[in-house]
Amino acid sequence: VHFDGGNSYEHAYGSWQAVFGPNKVGEHRLSFKDYKNDRGRRATSNVSEWLALLAALEWLDLVQDKQTHRIEIFGDSKLVIQQLTGAYRCRKEHLRILRDDCLIVLNQFGSWTATWVRRGEMVAIFGH
């Protein structure tokens, strides 16, 4: 799974792509334009990254046999990757909630890894 999230002045967005072997299984671009946190603020770049990852994992949860697949996650947000793996603490509660939601889905699969990749790899995949 490759995921990417971002933020512009006008709205937040996210993308994800799931690939199994040589076949691309799913790819989606998302808008978080209407997302508001509990304080009424729009999605930040970090929130957009987490939401894109969560959307991909929830899709995989619906379409895949969880016990037979190893999930490999790739993202260019070092913060998200490190918080997901536990290398960094997740200090902000709203990010902890999103991380925990991702971990709930991930822990239903056989195994998983998360790897940080350079921004250029995301640009090559998603075009942004």
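Values in this text are rule-based calculations from the coordinates and carry no lab data. Just so we're clear, the structure is a prediction, and the values are computed from it rather than from any experiment. Glycine gets a Cβ as well: all are built from the backbone with ideal geometry, and neighbour counts include every protein chain shown.
Summary of values
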quantity	calculated
For region 86-99, Karplus couplings with θ = phi - 60° (6.51, -1.76, 1.60), whole Hz, Gly/Pro x	x, 5, 10, 6, 10, 7, 8, 4, 5, 6, 4, 4, 5, 4
Residues whose placed amide H lies under 5 Å from that of N7, excluding near-sequence neighbours	Y13
Residues whose placed amide H lies under 5 Å from that of F74, excluding near-sequence neighbours	H2, F3, T115
Counted charge near A87, where neighbours are those whose Cβ lies closer than 13 Å (Asp, Glu -1; Lys, Arg +1)	+3
